[in-house]
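> One structure is given below, represented as structure tokens, and several questions about it will come after.
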Amino acid sequence: MSKKIESHLSENRIFKPSREFSKKARVSSMAQYRRMYKESIDKPAAFWAREARELHWQKRWKKVLDWKPPFVKWFTGGRLNVCENCVDRHLTNGRKNKAAIIWEGEPGDKRILTYHQLHQEVCRFANVLEANGVKAKDRVLIYMPMVPEAAIAMLACARIGAVHSVVFGGFSAESILDRLEDSGATAVITADGGYRRGKIVELKTSVDEALRKYKGVKRCIVYQRTGEKINMRRGRDVWWHKEAEKASSSHEPKGFDSEHPLFILYTSGSTGKPKGILHTSGGYLVGTYTTCKYIFDMRDDDVYWCTADVGWITGHSYIVFGPLANGVTQVMYEGAPNYPDFGRFWNIVEKYGVTTFYTAPTAIRAFIKAGDKFPDRHDLSSLRLLGTVGEPINPEAWMWYHEKIGSGRCPIVDTWWQTETGAIMISPLPGCTPTKPGTATLPFFGVDAAILDDEGNECSADEGGRLVIRKPWPSMLRTIYGDRNRYRKTYWNDYKGIYTAGDGARTDKDGNFWIVGRLDDVLNVSGHRLGTAEVESALVSHPDVAEAAVVGRPHEIKGQGIVAFVTLKEGVRTAQTTDKILKGHVAKAIGAIARPDEIHLTPALPKTRSGKIMRRILKELVATGGVTGNITTLEDFSVVSNLQKNLKK
């Protein structure tokens with residue numbers, strides 16, 4: 001029986017950057033990319049030292065790289081302040097009065113913060129934290145809506161050397177409790193609430209519930225966003241605005257060691273216990289700064305918008321630290337992409353003249369399902385670059401994004417990376433890389449990516465295996481907080497001295513990397529190992545399909561059968577697109593081996609509030625007919641009950 005992941009989909013459409021884009025780009029030809037990439041792999045110390053020198057160091061490093069697998073140190077002996085690099089240095093380089101954050105709340109309220117104003121707010125809040133007993137290396141849990149104060153809180157923690165741990169504002173009290181207990185946090189920064197689809201999300205209430213069981217928090221600082229009445233416990237809870245009134249807007253940034261912990265961000269673990277991914281200061285900042293500069297081809301007149309939440313790594317690296325280190329103007333938006341309708345994102349693009357738009361394939365497929373009428377109502381001509389993040393994008397969604405949103409003229413950077421990697425690892429460079437719909441293309445500078453089989457041999461083109469990184473990179477995680485053994489076992493156990501990403505992948509004949517799905521989502525059908533992403537992509541390539549999710553179910557003969565959940569585009573009737581038609585479509589696109597055993601047509605898939613499909617729920621539904629796990633992060637609870645009813649029919 002083959003242990004290799006098979007790949008059957010082929011994609012031959014190629015899109016080269018326009019001559020106009022390439023002419024102005026930082027990396028303008030494949031020859032330049034190959035030259036820079038070769039140096040970054042052969043002489044990483046020279047390459048990364050040159051990039052790091054563009055940032056401000058209070059003390060220069062003695063050694064660029066200290067690698068004792070699986071533990072690494074970058075820029076050893078160097079001292080810097082991450083916040084100073086994101087805010088202070090722009091006050092003297094001509095960006096003082098430039099907009100740093102253009103913010104829009106879901107109800108329509110707006111604010112603009114220049115770099116000068118952002119500096120004042122961050123300094124003021126750094127003083128608030130210190131006045132409330134927070135000091136360097138203390139852990140601070142942040143549970144906020146998407147308001148500028150979320151970024152201000154993160155930057156203020158970095159300024160004083162406190163270690164922040166941001167929890168997505170859609171997570172439950174139980175999730176907050178898990179993270180408080182694991183990190184040993186002594187302070188919480190939250191808000192009375194936030195807005196989502198016209199409703200108030202009660203954030204402080206969830207914090208209160210967690211703090212009834214966890215007694216280690218000495219201070220809870222509360223930002224007033226909604227004005228709702230909340231419980232304020234005397235001696236522990238204080239209002240952000242009242243504390244800020246007493247604080248100075250001046251604060252001196254102290255330098256911290258390059259390996260000083262910057263943040264802990266929790267990601268789900270196979271055991272059910274969240275993994276606290278620890279990132280440190282110097283290497284992480286160099287990684288996010290450099291990837292922003294080259295992959296988004298950032299320039300001073302850009303208006304950049306990453307639609308993620310700060311509760312995810314995308315929000316850390318590509319809302320807070322990377323873009324601000326580059327001195328860019330960026331948009332922040334508080335609410336849902338479909339409030340009051342699916343025109344909201346395109347309205348924001350038009351209103352603020354967004355030039356760079358970075359979003360998730362899940363959102364793109366939701367826009368496709370909603371129909372072209374929403375983008376058609378808006379002028380999107382300001383856009384010059386598009387990006388995707390979070391999961392592989394299927395080719396048909398890529399093509400819609402390219403043609404409908406980018407009008408066929410905007411390069412698309414399809415980025416692969418993880419919470420653990422800290423920064424983008426595989427991506428096109430928009431001025432030089434020929435792109436194919438659905439592939440993240442080539443490794444970024446310093447990223448020695450490969451695909452290995454179970455014995456550690458490098459796979460041939462179109463032969464699926466495990467995606468690995470063979471050399472250290474600056475923004476890599478340093479450990480799992482409080483559990484070095486779990487860090488070793490999770491990421492470094494498959495091959496000696498090599499990082500295993502946990503994703504299945506393949507390369508094509510041009511060397512492009514195709515992610516075929518998480519290794520634990522690989523289907524084993526009659527001895528053939530198939531990536532779920534390929535089957536989903538085949539389904540979505542049917543013109544009537546907006547979105548699909550595929551899971552395995554035990555099968556007496558084949559080992560696993562394929563069960564697909566499919567959402568059709570608006571206006572498509574189930575009578576015209578039957579499961580028989582869709583099964584035949586998959587068989588034609590991939591082969592008979594990938595033909596789904598069952599297809600369930602459903603108006604919606606179970607998703608988190610960040611838009612990720614919860615395949616765990618689908619797996620449990622097809623295996624047992626019910627759901628017993630935690631579903632508090634679901635966007636719409638009715639989706640699960642509807643699926644249960646349909647499966648019982």
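Every read-out reported here was derived from the displayed coordinates using simple, explicitly stated rules and does not represent laboratory data. These numbers were taken from a predicted model, which means no experiment stands behind them. Here the Cβ is made from the backbone with ideal geometry for all residues, glycine too, and neighbour counts use every protein chain on show.
> Considering amide H positions built from the backbone, and no H for Pro or chain starts, which residues 5 or more places from residue 600, or on another chain, come under 5 Å of its amide H?
Counting only residues 5 or more places away or on other chains, the set is 564, 565, 566.
> Any idea what diffusion coefficient segment 1-147 gets from Stokes-Einstein, in µm²/s, Kirkwood Rh on alpha carbon pairs, 37 °C, 0.692 mPa s? Kindly include the intermediate steps, with their values, before the conclusion.
Numbers: Rh = 20.8 Å.
It comes out at roughly 158 µm²/s.
> Something else now. Quick check: residue separation of residue 46 and residue 110 times 0.36 nm, minus the Cα distance between them. What number comes out in nm? Intermediate values should be presented prior to the final figure.
Working: separation 64, 0.36 × 64 = 23.04 nm, distance 4.39 nm.
Roughly 18.6 nm would be gained on extension.
> Mean separation of Cα pairs under 8 Å and 6+ residues apart, divided by the residue count of segment 523-648: what relative contact order is that in percent? If you can, show how the numbers build up before the last one.
Details: 200 pairs, mean separation 27.1, N = 126.
Relative contact order for segment 523-648 comes out at 21 percent.
> If you place +1 on the Cβ of every Lys and Arg, -1 on the Cβ of every Asp and Glu, and leave all else neutral, what size is the dipole of the chain about its Cα centre, to the nearest 20 Debye? List each step's numbers first, then the result.
On the way: 94 positive and 74 negative charges, 240 e Å.
Dipole about the Cα centre, nearest 20: 1160 debye.
> Name the shape class, rounded, prolate or oblate, that the alpha-carbon gyration tensor gives for segment 181-271, where a ≥ b ≥ c are the square roots of its eigenvalues, rounded holds for a/c under 1.5, and otherwise prolate holds if a/b is larger than b/c and oblate otherwise. Mind showing how you got there, number by number?
Working: a/c = 1.61, a/b = 1.12, b/c = 1.44.
Because a/c hits 1.5 or more and a/b fails to exceed b/c, segment 181-271 counts as oblate.
> Another question about this same structure. Under the rule of at least 5 residues apart or a separate chain, name every residue whose amide H is placed under 5 Å from the amide H of residue 525.
Answer set, sorted by chain and number: 530.
> Taking other Cβ within 10 Å of each residue's Cβ, how do 620, 209 sort, fewest first? Present the calculation step by step, with values, prior to reporting the outcome.
On the way: 620 18, 209 14.
Going from sparsest to densest Cβ surroundings: 209, 620.
> Follow-up. Quick check on segment 93-194: take the gyration tensor over C-alpha atoms, sort the square-rooted eigenvalues as a ≥ b ≥ c, and tell me if it's rounded (a/c under 1.5), prolate or oblate.
On the way: a/c = 2.68, a/b = 1.33, b/c = 2.01.
Note, shape of segment 93-194 comes out oblate.
> Report the gain in length on full extension from residue 14 to residue 53: 0.36 nm times residue separation, minus Cα-Cα distance, nm rounded to one decimal. Could you put the intermediate results ahead of the total?
On the way: separation 39, 0.36 × 39 = 14.04 nm, distance 3.63 nm.
Here the segment from residue 14 to residue 53 would lengthen by 10.4 nm.
> How big is the C-alpha Rg of the chain next to the rule-of-thumb value 2.2 N^0.38 Å, as a ratio? Intermediate results must be reported in sequence, preceding the final value.
Working: Rg = 23.8 Å, N = 649, 2.2 N^0.38 = 25.8 Å.
Normalised Rg, Cα atoms only: 0.93.
> If contacts are Cα pairs under 8 angstrom and at least 6 residues apart, what is the relative contact order of segment 95-231 in percent? Please report the intermediate quantities before stating the final value.
Numbers: 234 pairs, mean separation 30.4, N = 137.
Here the relative contact order equals 22 percent.
> What is the magnitude of the charge dipole of segment 203-242 about its Cα centre, with +1 placed on the Cβ of each Lys and Arg, -1 on the Cβ of each Asp and Glu, and no other charges, expressed in debye to the nearest 20? All intermediate terms of the calculation are to be shown ahead of the outcome.
Working: 12 positive and 4 negative charges, 45 e Å.
Dipole of segment 203-242, to the nearest 20 debye: 220 debye.
> If the chain between residue 628 and residue 483 were fully stretched, how many nm would it gain, using 0.36 nm times the residue separation less the Cα-Cα distance? Numbers along the way, then the final one.
Details: separation 145, 0.36 × 145 = 52.20 nm, distance 2.80 nm.
Here the segment from residue 628 to residue 483 would lengthen by 49.4 nm.
> When the Karplus curve 6.51 cos²θ - 1.76 cosθ + 1.60 is applied with θ = phi - 60°, which whole-Hz ³J(HN,Hα) does each residue of segment 477-484 get, with x for Gly and Pro?
4, 9, 5, 8, 3, x, 8, 5
> Using only the alpha carbons, work out the radius of gyration and Dmax of segment 422-539 in angstrom.
Values for segment 422-539 (Cα only, Rg and Dmax): 14.9, 44 Å.
> Within 10 Å of each candidate Cβ there may be at most 15 other Cβ atoms; applying that plus a DSSP loop requirement, which trypsin sites (Lys or Arg not before Pro) in segment 478-567 survive?
Working: sites: 478, 484, 486, 488, 489, 496, 506, 509, 518, 529, 558; in loops: 478, 496, 509, 558.
Passing both the DSSP loop test and the Cβ count: 496, 509.
> Fewest Cβ neighbours within 10 Å first, please rank 164, 241, 90 accordingly. The partial results should precede the final answer.
Values: 164 26, 241 11, 90 23.
Starting with the residue having the fewest Cβ neighbours, the order is 241, 90, 164.
> Could I ask something else about it? Considering the options 112, 175, 160, tell which one lies farthest towards the positive end of the dipole of the chain, charges being +1 on Lys and Arg and -1 on Asp and Glu at the Cβ, about the Cα centre.
160
> For the pair residue 135/residue 174, report the inter-label distance in nm, with labels modelled 7 Å from Cα in the Cβ direction.
According to this spin-label approximation, the distance is 3.7 nm.
> Starting from the Cα of residue 339, move 7 Å in the Cα-to-Cβ direction to define the label point; list residues of segment 105-142 whose amide nitrogen is under 11 Å from there.
Residues 105-108 qualify, since their backbone N sits under 11 Å from the label point.
> Also, quick follow-up: Give me Rg/Rg_expected for segment 27-97, where Rg uses Cα atoms only and Rg_expected = 2.2 N^0.38 Å with N residues.
Details: Rg = 15.3 Å, N = 71, 2.2 N^0.38 = 11.1 Å.
My calculation over the Cα atoms of segment 27-97 gives 1.37.
> Separate question: Between helix 30-42 and the chain, what is the angle of the helix's C-alpha long axis to the longest principal axis, kept within 0 to 90° and rounded to the nearest 10?
70 degrees
> Next up: Let me check against my output: what whole-number percent is the relative contact order of the chain, with C-alpha pairs under 8 Å and at least 6 apart? Walk me through the numbers on the way to the answer.
Details: 1422 pairs, mean separation 91.8, N = 649.
Taking the mean separation of contacting Cα pairs over the length of the chain, I get 14 percent.
> Counting other C-beta atoms within 10 Å, which of 233, 89, 225 has the fewest, and how do the rest follow?
Numbers: 233 10, 89 17, 225 23.
Lowest to highest Cβ neighbour count: 233, 89, 225.
> Run the helix sum for the chain: -39,500 (n - 2.57) per DSSP H stretch of 4+ residues, divided by residue count, reported at 222 nm to the nearest 500 deg cm²/dmol. If you can, show how the numbers build up before the last one.
On the way: 20 runs with 185 residues, N = 649.
Helices in the chain give a 222 nm mean residue ellipticity of -8000 deg cm²/dmol.
> Another question about this same structure. How charged is the neighbourhood of residue 91? Take every other residue with its Cβ under 13 Å from the Cβ of residue 91, and add Lys/Arg as +1 and Asp/Glu as -1.
On the way: positive: 89, 95, 96, 98; negative: 84, 88.
Counting the neighbours of residue 91, the net charge comes to +2.
> Between residue 580 and residue 593, what is the spin-label point distance in nm, taking each point 7 Å from the Cα along the Cα→C-beta axis?
It is 2.7 nm.
> Right, something else. Which percent, nearest 5, of DSSP beta bridges in the chain are antiparallel?
Numbers: 60 of 100 bridges.
Roughly 60 percent of the beta bridges in the chain run antiparallel, per DSSP.
> Here's a follow-up. For segment 174-197 and segment 465-493, what is the separation of their Cα centres, given in Å?
After rounding, the separation between the Cα centres reads 26 Å.
> What nm value, rounded to one decimal, do you get for the distance between residue 509 and residue 228 when each label is placed 7 Å out toward the C-beta?
My value for the distance between the label points is 5.8 nm.
> Something else about it: What size of dipole, in debye to the nearest 20, comes out for segment 523-648 about its Cα centre when the only charges are +1 on Lys and Arg C-beta atoms and -1 on Asp and Glu C-beta atoms?
Working: 17 positive and 12 negative charges, 27 e Å.
For this selection, approximately 120 debye.
> Where the eigenvalues come from the Cα gyration tensor of segment 48-89, what are the semi-axes √(5λ) of the equivalent ellipsoid, largest first, in whole Å? List each step's numbers first, then the result.
On the way: eigenvalues 91, 21, 17 Å².
Taking √(5λ) for each Cα gyration eigenvalue gives 21, 10, 9 Å.
> Next question, about the same structure. I need the calculated FRET efficiency for the pair residue 246 and residue 377, taking r as the beta carbon distance and R₀ as 45 Å, to the nearest 0.05. The partial results should precede the final answer.
Working: r = 47 Å, r/R0 = 1.05.
Computed FRET efficiency for residue 246 and residue 377 comes out at 0.45.
> Can you work out the base-10 log of I(q)/I(0) for segment 250-347 at q = 0.12, 0.14, 0.15, 0.22 1/Å, using the Debye formula on its C-alpha atoms alone?
Taking Cα atoms of segment 250-347 as identical point scatterers yields -0.52, -0.69, -0.77, -1.17.
> Name the residue farthest towards the positive end of the dipole of segment 523-648 from the options 561, 617, 546, assuming +1 on Cβ of Lys and Arg, -1 on Cβ of Asp and Glu, about the Cα centre.
561
> I want the local charge near residue 166. Using Cβ-Cβ distances under 11 Å, sum +1 for each Lys or Arg and -1 for each Asp or Glu among the other residues. Don't skip to the end; give the middle numbers.
On the way: positive: 179; negative: 309.
Result for the local shell: 0.
> What shape does segment 523-648 take by its C-alpha gyration tensor, where a ≥ b ≥ c are the square roots of the eigenvalues and a/c under 1.5 counts as rounded, a/b above b/c as prolate, and the rest as oblate?
Numbers: a/c = 1.74, a/b = 1.18, b/c = 1.48.
Taking the square roots of the gyration eigenvalues as a ≥ b ≥ c, segment 523-648 is oblate.
> Could I ask something else about it? Collect residues whose amide H, placed 1.01 Å from N in the peptide plane, falls under 5 Å from the amide H of residue 239; neighbours closer than 5 in sequence don't count.
222
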